[in-house]
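The values are calculated or read from the model by the stated rules, or taken from the named source; none is laboratory data. Since the model is a prediction, treat every value here as computed from it, not as a measurement. Ideal geometry is used to build each Cβ from the backbone, glycine not excepted, and the neighbour counts take in all protein chains shown. Side chains are part of the model used for accessible areas, which takes the heavy atoms of the whole protein and leaves out ligands, DNA and RNA. Shrake-Rupley method; radii C 1.70, N 1.55, O 1.52, S 1.80 Å.
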Amino acid sequence: MRGIRRLWWTVRATSRNLWNGRVSAALAAGSIALALVLTTASLLIGNQTDRLSDHWTGRADITVYLCARASASPRCGGVTTDEQIAAHEALIAARPEVTSYWFENQADAWKAFTERFSGSSIVENLDASALPESYRIKLVDGTDREAFVDDLEEQLGTVGGFEIVQDQRNALAGFFSVANRLRTGALALAALQAGISLALLTHLLRSSVTRRNKDIRVMSLVGTSHRQIRAPFMFEALVVYTAGVALAAGAVLGGLNVARNMLERAGGTDALLVADAAALRHVAALYLAGLAVGWLTVRLTLRTRLRETN
Amino acid sequence: MSTQHSRTRAAILLEGVRRTHPGAGQPTLDGLDLRVDDGEFVALTGESGSGKSTIIGLCSGRQQADAGNIRILGRDITRIGANRRAELRRRVATIFQEYELLPDRTIGENIAFTLEINGIPGEERRRRVDEALELVGLPSRREALPEQLSGGEQQRVAVARAVALRPSIILADEPTGNLDEENGELIFDLLSTLNQAGTTVLVTSHDVNLVTRLGLRTLRIHDGRVRTYRRHQAGR
């Protein structure tokens, strides 16, 4: 019963603190929300990049496109034969840099193509036979890709029946370059915002402690434990931080929803868009990390003051 | 002195206590022995800087001794941590010269505040606030703010706050330091009333005449030790 009464006192003291410092509390919550939105956005850009990269490259580093009906390359004199395909496989499998490889037939290529260009008129004007079959190759980390592509092209040239050996990274170089710049920029901004929001949270707590300096002294003098003195400040930080996280979660989910609607209106698919669950996972992880930092901030801020009041 | 008190339990016992304030060359207290028995009312006098307030600080756990032993209500508090200090202060109330009231809360709230944070339930809290205000003669000022009260009245509120917690010991550090003679006597009367009800009281005062008139057991602190002991006859 005494515990419940103390908890009730803590809740009332927290409410009083928050009301008295409502402007600082609102600013701190807003700043925390902004920092979390930027941090989550930067993490989501990373997720989105990986997701698109996986989709477009089929999780492969190198693709060997074989000759199809519509191939215009001078290397192709017609559709690749079964013998050529077998010879290609033998050459690829013999390379020590290759960790894995798989064959994508026309049906699989068509499926991926129609997903990627769903709703586009290009799908209506083609069929599966126009798409090249391919070998998808995954390399050992650190492999010199350029040298590998040159060597493999030379080897496959002895067999013929292939259009191009393509380094997927080069194929998506423009996309990765923009995505990486975006990610780095967002992370830098997020780190700055996180620093500012932490400083704001600390300032909020310090102001609150200074405003209630006399209360703390009197509480200490009449036998209130340090834990009980700290409790309202802990609650205050918890409430402000939770409000910031709730705002951030709403903003991130709202942003994803807007992106989804824009994709739908443009006739595209949102299947490649990062899921809400991924966003919420990031927000939850940041919330837990922030709670730990907030708890530490309160303890450090109050430690000196409690030592002074003794 | 020890023979005189041997049959009674010591509420406050300091043995060979030395305390040097940070940055000070000389110790404020040096080998100080002091015993206050259960239910006693003892006054500490001495010049400014003689160490009276240091003794109160040591007994309330606000300061720690460099050497010697301190026992309060039979428990060793020589080296005391934050949790045990909090526990001690629920049984040993301290009254200060500066009152230490919360300026933005009413008199009633100031008294109730200490009860509330110590988990005293609402009905009991209201009853104790009423009793404490009645005792100090301020039942009508319950809704006033501290700034609306005179110094004497504020000190009476500080006494009421201490009393409401029903402590075993009251330590009062120059409680009349900011008050005129009439209000000073009033505070000492209140402390006497509490003492007669069984509370042990240790008070510091620079006003030798006042403690002389009240006939208190008086210890004079000089050069960091108890130099003289007198029991005055009440002169009023």
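Structural remarks
- Every helix of 4 or more DSSP H residues in chain B counts as -39500 (n - 2.57), and over all residues that averages to -10500 deg cm²/dmol at 222 nm.
- Packing-based order for B:190-202, A:291-303, using average beta carbon neighbours within 10 Å, highest first: B:190-202, A:291-303
- Using C-alpha pairs under 8 Å with a sequence gap of at least 6, the mean separation divided by the residue count of chain B gives a relative contact order of 27 percent.
- Over segment B:99-166, all Cα pairs binned in 5 Å intervals from 0 give whole-percent P(r) values of 3, 21, 35, 25, 12, 3, 0, listed from short to long.
- Cα-based Rg of segment A:57-171 normalised by 2.2 N^0.38 Å, two decimals: 1.07
- Rg over Rh, two decimals, chain B (C-alpha only, Kirkwood Rh): 0.96
- Carbon + sulfur, % of accessible area of segment A:57-171 - ligands and nucleic acids excluded, 1.4 Å: 48 percent
- Cβ-Cβ FRET estimate between residue B:182 and residue B:48, R0 fixed at 22 Å, reported to 0.05: 0.45
- Mean separation of Cα pairs under 8 Å and 6 or more residues apart, divided by the residue count, gives segment A:175-291 a relative contact order of 22 percent.
- Angstrom value of the Kirkwood radius, inverse mean 1/r, which spans all Cα pairs in segment B:1-106: 15.0 Å
- Packing, taken as the mean count of other beta carbons within 10 Å per residue, orders the peptides B:10-16, A:151-157 from highest to lowest as B:10-16, A:151-157.
- Spin-label proximity, residue B:147 to segment B:102-117 - amide N less than 11 Å from point 7 Å beyond Cα toward beta carbon: B:103-105
- Shielding value for A:221-232 is 6, the average number of Cβ atoms from other chains within 10 Å of each residue's Cβ.
- Share of carbon and sulfur in the accessible heavy-atom surface of segment A:173-306 [1.4 Å probe, %]: 68 percent
- The alpha carbon centroids of segment A:1-27 and segment A:190-233 are separated by 12 Å.
- Taken residue by residue and averaged, Cβ atoms of other chains lying within 10 Å of the Cβ of B:110-121 number 5.
- Residues residue A:141 and residue A:47, FRET efficiency given R0 of 22 Å [Cβ-Cβ distance, rounded to 0.05]: 0.55
- For peptide B:78-88, the mean count of partner chain Cβ atoms within 10 Å of a residue's Cβ comes to 3.
- DSSP beta bridges in the protein assembly as shown [antiparallel fraction, %, rounded to 5]: 65 percent
- Buried between B and A is an accessible area of approximately 2300 Å², summed over both sides with a 1.4 Å probe.
- For the protein assembly as shown, the per residue solvent-accessible surface stands at 48 Å², with DNA, RNA and ligands left out and a 1.4 Å probe.
- For chain A, averaging the sequence separation of C-alpha pairs within contact (under 8 Å, six or more residues apart) and dividing by the residue count gives a relative contact order of 33 percent.
- For segment A:9-72, alpha-carbon Rg over 2.2 N^0.38 Å: 2.39
- Chain B - share of DSSP beta bridges that are antiparallel (%, nearest 5): 55 percent
- Label-point separation, residue A:11 to residue B:66 (7 Å along Cα→Cβ), nm: 5.0 nm
- Free-standing Cys residues across the protein assembly as shown, given no other cysteine C-beta under 4.7 angstrom: B:59
- The protein assembly as shown - Debye-derived log10 I(q)/I(0), Cα point model, q = 0.08, 0.09, 0.11 Å⁻¹: -0.69, -0.77, -1.00
- Three principal axis extents describe the C-alpha atoms of chain A; from largest down they are 94, 43, 36 Å.
- Inter-part distance where segment B:46-105 and segment A:151-176 are each reduced to a Cα centre, Å: 83 Å
- Whole-percent carbon and sulfur share, accessible surface of segment B:99-166, 1.4 Å: 46 percent
- Per-residue [θ]222 nm for chain A (sum of -39500 (n - 2.57) over DSSP H runs n ≥ 4, rounded to 500): -24500 deg cm²/dmol
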